[in-house]
Every structure is written in structure tokens, then in C-alpha cells.
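So the structure is just underneath, and the comments pick up after that.
The values are calculated or read from the model by the stated rules, or taken from the named source; none is laboratory data. From a predicted model like this one, the values you see are computed outputs, not experimental measurements. Virtual Cβ from ideal backbone geometry, glycine too; neighbours counted across all protein chains shown.
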Amino acid sequence: MQSKAADVPAYIAEVPAERQAAIKKLRALCRKIFAGHEECLDYGMPCYKRDGVVRAAFASQKGYIALYGCGKVLSKEMKAKLVGANCGKGCIRFTKPEKIDFEVIEELLREKAAA
């Protein structure tokens with residue numbers, strides 16, 4: 001579901017309470033790894049762009065938290081580390097925020113940033 005928030009902090013304030021910690025942690029990782037990229041809302045979700053190209057994004061959807069832009073860089077080894085995640089071509093979906101392995105997500109985001 002697309003947000004009508006004006007900025008990323010407003011987007012996070014709209015996220016259900018049980019997901020806010022996970023969303024804040026995703027934002028912190030993205031800000032660290034994609035330093036020098038523009039943080040903005042695009043497509044109704046927080047995005048990290050460089051030269052107008054979205055490199056990564058995340059969103060709190062109705063039934064899951066999604067990380068976008070990383071599906072194409074998933075190796076079989078990395079996919080195996082994402083226990084409990086549903087991996088699509090362009091996104092990774094987590095139905096339970098408490099099951100997100102942020103160490104694996106950081107590794108994945110670093111791979112994406114290097115690609």
C-alpha cells in the first residue's frame with residue numbers, strides 16, 4: 001500500500017507499532033550503506049537513489065515488510081541465509097518482523113551497493 005507521507009520520518013510514523021522497530025532498523029542500515037544516495041519517498045515508500053536511479057527501497061505492506069531492489073542480486077548462498085523470507089524477482093518479503101536477520105540484510109545491502 002502506497003503512503004501519502006511527505007517524508008521518510010512521516011512514513012515511519014504511519015507504520016504499525018509492531019513493525020516500527022524493524023522499519024527503523026532497515027532505514028538505519030540503508031542510510032549507512034547507501035551514504036551519498038538521496039533518501040526520498042518514491043512509489044509511496046522510502047527509496048535510496050543515486051543519479052535518479054532507485055538502488056534500494058523498503059515498505060511496510062499489508063501482510064509483510066518488503067525490501068525492494070535486492071532480489072536480482074540474490075545468490076543461492078544468500079537466499080539460503082534468508083530463512084523465513086519469501087524471495088521474489090525484485091523483492092524480499094518478511095511476514096514476521098522479529099524474524100528478520102539484519103546481519104544477512106546488511107550483507108545483502110552491501111552486495112547491492114557494490115553492484
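Name every residue in segment 10-21 that is outside any loop (DSSP other than H, G, I, E, B) and either over 15 Å from the mean Cα position of the chain (by Cα) or among the hydroxyl-bearing types (Ser, Thr, Tyr) (or both), in order of residue number. It would help to see each step written out before you state the result.
If we filter segment 10-21 for residues that are outside any loop (DSSP other than H, G, I, E, B), which is where we start, we get 10-14, 17-21.
Result: 10, 11, 13, 14, 17, 18.
Go through (1) out of contact with any Leu (no Cβ under 6 Å at 6 or more places or on another chain); (2) modelled with pLDDT of 95 or more for residue 33 and report which single condition fails.
Going through (1) out of contact with any Leu (no Cβ under 6 Å at 6 or more places or on another chain); (2) modelled with pLDDT of 95 or more one by one, residue 33 breaks only (1).
Scan 14, 38 and give me the residue that is among the acidic types (Asp, Glu) and modelled with pLDDT of 95 or more.
38
Please state which of the following conditions residue 5 fails to meet, knowing it meets all the rest: (1) modelled with pLDDT under 95; (2) among the small types (Gly, Ala, Ser); (3) in a helix (DSSP H, G or I).
Among (1) modelled with pLDDT under 95; (2) among the small types (Gly, Ala, Ser); (3) in a helix (DSSP H, G or I), the lone unmet condition for residue 5 is (3).
To keep it simple, each residue is scored yes or no on (1) touching a residue at least 24 places away in the same chain (Cβ under 8 Å); (2) within 24 Å of residue 2 (Cα to Cα); (3) among the polar types (S, T, N, Q).
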| site | (1), (2), (3) |
| --- | --- |
| 38 | no, yes, no |
| 41 | yes, yes, no |
| 46 | yes, yes, no |
| 53 | no, yes, no |
| 64 | yes, yes, no |
| 85 | no, yes, no |
| 109 | yes, yes, no |
| 113 | yes, no, no |
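So which residues in segment 92-107 are free of Cβ contacts under 8 Å to residues at least 24 places away in the same chain and either at positive phi or under 13 Å from the mean Cα position of the chain (by Cα) (or both)?
Once the filter is applied, which keeps residues that are free of Cβ contacts under 8 Å to residues at least 24 places away in the same chain and either at positive phi or under 13 Å from the mean Cα position of the chain (by Cα) (or both), segment 92-107 yields only 101.
When you go through (1) under 17 Å from residue 115 (Cα atoms); (2) within 13 Å of the chain's Cα centre (by Cα) one by one for residue 89, which number turns out not to apply?
(2)
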